[in-house]
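S.K.: One structure follows; several queries about it will come next.
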Amino acid sequence: MTVSRRQWLGGVASAAVVGSVPVSVWAASDPWAKARAIVAAISAPVIPDYRVDITDFGAVGDGVTKNTDAIARAIAACVAAGGGQVRVPKGRFLTGAIHLAARIDLHLEESATLLFSTDTADYPPVFTRWEGVELVNYSPLIYAKGVSHVSVTGKGVLDGQGANERWWSWSSGKRFGWKEGMPTQHPARNRLFQMAEDGVPPQQRIFGDGDYLRPCFIQFYGCDTVRVEGVTLKDAPFWNIHPVLSRNVIVSGVTVTGHGPNNDGCNPESVDHMLIENCLFDTGDDCIAIKSGRNADGRRINVPSQNIVIRNCEMKDGHGGVVIGSEISGGVHHVFAENCRMDSPELWYAFRFKTNARRGGVLEHFHFRDITIGEVERSVLICDFNYEEGAKGEFTPVVRDITIERVTARKAVRVMDIQGLPHAPVRNVTLRDCRFDGVTEADIVRHASGIRLKSVTVNGKRHRL
């Protein structure tokens with residue numbers, strides 16, 4: 001029973017079969033067989049061999065001239081030719097929203113920067129998802145909807161220009177420049193969430209100027225066969241890479257930096273078959289946060305995130321390294337992470353599960369191995385059912401089947417903080433062949449069952465609950 005290099009790199013193998021053996025059979029003894037099958041089933045976009053340069057359509061890389069129309073004309077020319085690569089050469093090109101189409105690769109050459117405008121008029125309304133709820137709002141800075149074979153690649157920089165003076169203060173965080181009397185997102189955020197609970201059709205949830213709901217950086221909405229590779233994203237207004245209701249997604253060799261509010265690095269939401277590899281995340285919120293919709297809206301859409309592999313990534317600052325939640329009402333299953341490094345006194349947790357009785361959702365089948373942790377500020381693992389509304393809800397959250405193996409930490413306040421609810425315990429968490437040092441506080445385990453420790457040491461001693 002072997003897996004060819006072609007299958008491993010994402011050729012033509014089916015997600016259901018590796019070789020001639022169904023994954024369900026193999027995974028009974030080796031759950032990582034499913035991870036290999038997921039990777040084998042993911043393929044990169046196919047982009048026609050046709051290229052245009054944005055400067056051929058009037059773009060000027062002086063950092064001052066607004067190039068939104070020139071970039072749109074370059075994309076349109078590629079579309080007319082049946083697809084191709086839209087190249088951004090060396091320079092600093094100011095632009096508003098960029099809307100991609102099928103069989104288009106937006107490619108930034110080395111020393112190229114796309115500098116995104118902070119004028120809200122440059123982000124016309126589109127159908128999008130914001131904190132797990134559908135609505136019409138500002139366009140993401142780079143956006144594609146309902147298309148296939150689309151990518152953003154290269155060695156250049158995407159600069160969202162988020163700062164306390166631009167975008168970030170809308171969060172109402174005082175450390176992000178907000179002061180009493182300044183604009184804040186909270187009234188609109190509350191109104192949006194109530195609309196979803198009341199069943200207002202998403203197309204009628206119209207937001208924009210005066211509502212202060214920040215746009216995310218890159219969003220692929222309902223797309224198939226997507227890639228983001230090589231680029232650096234910095235200072236997003238909000239979330240960075242946000243594929244929604246998409247499948248067959250690759251995020252590879254990307255650097256994400258920015259310490260603004262909600263600057264999550266990569267947030268797959270209701271995504272099927274995704275590979276995140278060789279990336280660096282240094283963020284103001286979760287590094288990778290897997291989601292599937294919030295509360296009533298998540299249950300209405302009812303599409304889980306599933307079949308996600310994370311490998312060879314580095315996580316620095318952030319609220320969590322690999323995170324599940326909290327907008328998770330559609331459920332999540334089969335998430336794998338391996339060969340990653342996490343290290344920062346400003347990284348709260350390595351593995352973070354956050355949900356509650358308003359979210360509900362079934363979260364199961366998580367496998368994490370060969371993770372090297374230098375330092376985390378709080379605990380290695382947290383399963384928190386008391387997040388935000390906590391037990392105040394009618395939807396039972398389910399978290400089960402978490403396996404953590406061959407994980408080491410040089411410094412962590414505690415190993416585990418697992419807190420389910422009396423009627424909803426966290427179930428079946430296994431730690432195997434792990435070593436944790438620099439631990440100063442005892443585990444917290446409440447409302448949990450099936451917690452297993454196998455060859456686990458803490459501060460050089462065998463660990464027991």
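S.K.: Per the Kirkwood definition applied to all pairs of different Cα atoms, how many angstroms is the hydrodynamic radius of region 286-465? Please list the in-between numbers first.
M.R.: Numbers: mean 1/r = 0.0627 Å⁻¹.
Kirkwood radius, region 286-465: 15.9 Å.
S.K.: How much length is gained on full extension from D56 to K90, taking 0.36 nm per residue of separation minus their Cα-Cα distance?
M.R.: Working: separation 34, 0.36 × 34 = 12.24 nm, distance 1.36 nm.
Stretched fully, the D56-K90 segment lengthens by 10.9 nm.
S.K.: When the Karplus curve 6.51 cos²θ - 1.76 cosθ + 1.60 is applied with θ = phi - 60°, which whole-Hz ³J(HN,Hα) does each residue of region 395-405 get, with x for Gly and Pro?
M.R.: Couplings: 10, 6, x, 10, 10, 7, 6, 10, 10, 10, 9 Hz.
S.K.: Of the GluC sites (Glu not before Pro) in region 96-159, which ones lie in a loop per DSSP and count no more than 11 other C-beta atoms within 10 Å?
M.R.: Values: sites: E109, E110, E131, E134; in loops: E109, E110, E131.
Sites meeting the loop and neighbour criteria: E110.
S.K.: Oh, and also: Placing +1 on the Cβ of each Lys and Arg and -1 on the Cβ of each Asp and Glu in the chain, which of V380, W170, G330 has its Cα farthest towards the positive end of the resulting dipole?
M.R.: V380
S.K.: Taking K and R as +1 and D and E as -1, what net charge do the other residues with C-beta under 10 Å from the C-beta of H367 add up to? Please report the intermediate quantities before stating the final value.
M.R.: Values: positive: K34, R369; negative: E338, D401, E405.
Residues close to H367 contribute a combined charge of -1.
S.K.: Follow-up. What ranking do 118-124, 37-43 get when scored by the average of other Cβ atoms within 10 Å per residue, highest first? The partial results should precede the final answer.
M.R.: On the way: 118-124: 14.7, 37-43: 22.3.
Descending packing order for the listed peptides: 37-43, 118-124.
S.K.: So which trypsin sites (Lys or Arg not before Pro) in region 267-304 pass both tests, a DSSP loop state and at most 16 other Cβ atoms within 10 Å of the Cβ? Please list the in-between numbers first.
M.R.: Working: sites: K291, R294, R299, R300; in loops: R294.
Hits after loop and neighbour filter: nothing returned.
S.K.: Looking at F281, V407, Y221, which one has the Cα that reaches farthest to the positive end of the dipole of the chain (charges on Cβ: Lys, Arg +1; Asp, Glu -1)?
M.R.: Sorting the options by dipole projection puts first V407.
S.K.: Would you mind checking the radius of gyration and Dmax of the chain based on alpha-carbon positions, in Å?
M.R.: Taking only Cα atoms of the chain, I get Rg and Dmax of 21.9, 67 Å.
S.K.: Next question, about the same structure. Give me the dipole magnitude in Debye, nearest 20, for the chain about the Cα centre, with unit charges on the beta carbon: positive for Lys and Arg, negative for Asp and Glu. Write down the numbers at each step before the final one.
M.R.: Numbers: 53 positive and 52 negative charges, 253 e Å.
The calculation lands at about 1220 debye.
S.K.: Still on this model: Hey, rough spin-label estimate for K174 and W32, points 7 angstrom out along Cα→Cβ, what's it come to in nanometres?
M.R.: 4.8 nm
S.K.: Between G173 and residues 5 or more places away or on another chain, which pairs have amide H atoms under 5 Å apart, with H built 1.01 Å from N, and which residues are they?
M.R.: W178
S.K.: Kindly provide the GluC sites (Glu not before Pro) of region 207-288 that DSSP labels as loop, not H, G, I, E or B, and whose Cβ sees at most 12 other Cβ atoms within 10 Å.
M.R.: Numbers: sites: E229, E269, E277; in loops: none.
Loop-located and lightly packed - none at all.
S.K.: How large is log10 I(q)/I(0) at q = 0.09, 0.13, 0.17 Å⁻¹ when the Debye formula is applied to the Cα atoms of region 44-275, each weighted equally and without solvent?
M.R.: Result of the Debye calculation: -0.35, -0.74, -1.25.
S.K.: If you place +1 on the Cβ of every Lys and Arg, -1 on the Cβ of every Asp and Glu, and leave all else neutral, what size is the dipole of region 44-275 about its Cα centre, to the nearest 20 Debye? Can you show the working numbers first?
M.R.: Details: 21 positive and 25 negative charges, 36 e Å.
So the magnitude is around 180 debye.
S.K.: Still on this structure: For an R0 of 35 angstrom, estimate the FRET efficiency from the Cβ-Cβ distance between H447 and R191 and round to the nearest 0.05. Mind showing how you got there, number by number?
M.R.: Numbers: r = 34 Å, r/R0 = 0.96.
Efficiency for this residue pair is about 0.55.
S.K.: Still on this structure, I have one more. Compare the Cα positions of L100, A391, S151 along the charge dipole of the chain (+1 at Cβ of Lys, Arg; -1 at Cβ of Asp, Glu; about the Cα centre) and return the one farthest towards the positive end.
M.R.: It is A391.
S.K.: Then there is this: Please report the net charge: other residues with Cβ closer than 10 Å to the Cβ of G253, K and R +1, D and E -1.
M.R.: Numbers: positive: K155; negative: E229, E277.
Residues close to G253 contribute a combined charge of -1.
S.K.: Ranked highest first by the average count of other Cβ atoms within 10 Å around their residues, in what order do 189-199, 153-163 fall?
M.R.: On the way: 189-199: 15.5, 153-163: 21.7.
Order by mean packing, descending: 153-163, 189-199.
S.K.: Find the relative contact order for region 341-462 and round it to a whole percent, using C-alpha pairs within less than 8 Å whose residues are 6+ positions apart.
M.R.: Numbers: 351 pairs, mean separation 29.6, N = 122.
The value is 24 percent.
Read the figures in this text as sums done on the coordinates, not as results from a lab. What you are looking at is a predicted structure, and each value in this text was computed from that prediction instead of being measured. We place every Cβ from the backbone using ideal geometry, glycine too, and count neighbours over all the protein chains shown.
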